[in-house]
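J.: Structure below; questions to follow.
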Amino acid sequence: MLKGRLGLETARIPQADRHGLMWLGRGNLTVEDGTLRFTTAGTEELQPGEYLIPFQMVSCMLLGPGTTVSHDALRLLARHGTGLIFTGEGGVRLYASMPFGPDDSGLARRQATLWNNPERRMHAVRRMYAWRLGEVVPDAELDALRGLEGARMRETYKLLARQYRIDWAGRRYDRQRPETDDLANQAINHAATAAEAAAMVAVAVTGALPQLGFIHEDSGISFCLDIADLHRHSVTLPVAFAALRRFLEGKEQGLTLEAAVRKLAGRTFRQSKLIPKMIDQIKELLSDDRDRDA
């Protein structure tokens, strides 16, 4: 098989030898004398000033709000295979990405192989449910796993509602009129959207196929939804209920409920390193080890 054209793939540092993600915000990404330069007004993690970016050693850069990028910078990044993703604060939205994934299609091909084999696909499903449930259920079929997860979700909603002193009347979601849901359900919807965006970033960085989900099927981002759900209990729902409590107590003056949820979600995602965790889970899930337990 042809690995590349004219040997050009050897002119750049392989993704496997690079150093992960770099978060940039509130600044300008430009090129000066062939060097990538970022001039920023400052963020919580980065002091104001000018920084030279070693882009050849970075897998992907994530640009947050208040950031602009020059055409020359895009050309340089594309030439060296360094990814660039435009996100919301903390990765709570994905707006655009380039170039088209890493320089190796191996992970995407393994995903397609797993997805196309009913036995191996079910093995992947059981692994994901084992991560979500905290226990291995090796012989359960999909409907049984969904039943176990549904029961656990109902208990989780009740526990978090009591913990954050939120009135809870059950999970409801009107897709046609989401604004008519009660505040608790609206907060969950907003937090879920943020988690899905984080998963979209992780899938884009790894070069996995967003359409080929193992549990979800119909959506064009089915695999992203699979990955987002791995953190529903530990991240998404706690963010939703905590943000709603702060909103009800008037601690988010001037913000809508959606903005309050996004703000807390972004901070939580960064502090918990959610996207790097998702990247590791994608790689583990799509590994070649067929004999590993679920």
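The values are calculated or read from the model by the stated rules, or taken from the named source; none is laboratory data. Remember, predicted model here, so these are calculated numbers, not experimental data. Here Cβ is always computed from backbone atoms with ideal geometry, including for glycine, and neighbour counts include all displayed protein chains.
J.: Taking residue 56 and the conditions (1) in a helix (DSSP H, G or I); (2) touching a strand residue (DSSP E or B) at 6+ places or on another chain (Cβ under 8 Å), which numbered condition does it fall short on, given that it satisfies the others?
T.: Among (1) in a helix (DSSP H, G or I); (2) touching a strand residue (DSSP E or B) at 6+ places or on another chain (Cβ under 8 Å), residue 56 violates only (2).
J.: Are any of the residues in the range 109-126 outside the structural domain of residue 38 (by TED's automatic domain parsing) and small (Gly, Ala, Ser)?
T.: Scanning the range 109-126, I find at least one residue that is outside the structural domain of residue 38 (by TED's automatic domain parsing) and small (Gly, Ala, Ser), so the answer is yes.
J.: Pick out the one residue from 256, 268 that is among the polar types (S, T, N, Q) and either in contact (Cβ under 8 Å) with a residue 60 or more places away in the chain or within 18 Å of residue 196 (Cβ to Cβ) (or both).
T.: Unique residue meeting the criteria: 268.
J.: Which residue pairs have Cβ atoms under 8 Å apart, sit 6 or more places apart or on different chains, and have a first residue in the range 135-150 that is at pLDDT below 80 and a second that is among the hydroxyl-bearing types (Ser, Thr, Tyr)?
T.: Close Cβ pairs (under 8 Å, with a partner that is among the hydroxyl-bearing types (Ser, Thr, Tyr)) amount to 137/129; 140/129.
J.: Now a separate question. May I ask you to list the residues in the range 39-74 that are modelled with pLDDT of 90 or more, charged (D, E, K, R) and surrounded by fewer than 14 Cβ atoms within 10 Å (Cβ to Cβ)?
T.: Within the range 39-74, 50 is the sole residue that qualifies.
J.: Among the residues that make up the range 103-126, is at least one of them aliphatic (A, V, I, L, M), touching a residue at least 60 places away in the same chain (Cβ under 8 Å) and part of a strand (DSSP E or B)?
T.: no
J.: Let me ask something else about it. Within the group 36, 77, which residue is assigned to a helix (DSSP H, G or I), touching a Phe, Trp or Tyr at 6+ places or on another chain (Cβ under 7 Å) and buried (at least 19 other Cβ atoms within 10 Å of the Cβ)?
T.: 77
J.: Further, regarding this structure: Between a residue in the range 69-87 that is in contact (Cβ under 8 Å) with a residue 12 or more places away in the chain and any residue that is part of a helix (DSSP H, G or I) and acidic (Asp, Glu), which pairs come within a Cβ distance under 9 Å, given they are 6 or more apart or on different chains?
T.: Taking only residues 6 or more apart or on different chains, the pairs are 81/9.
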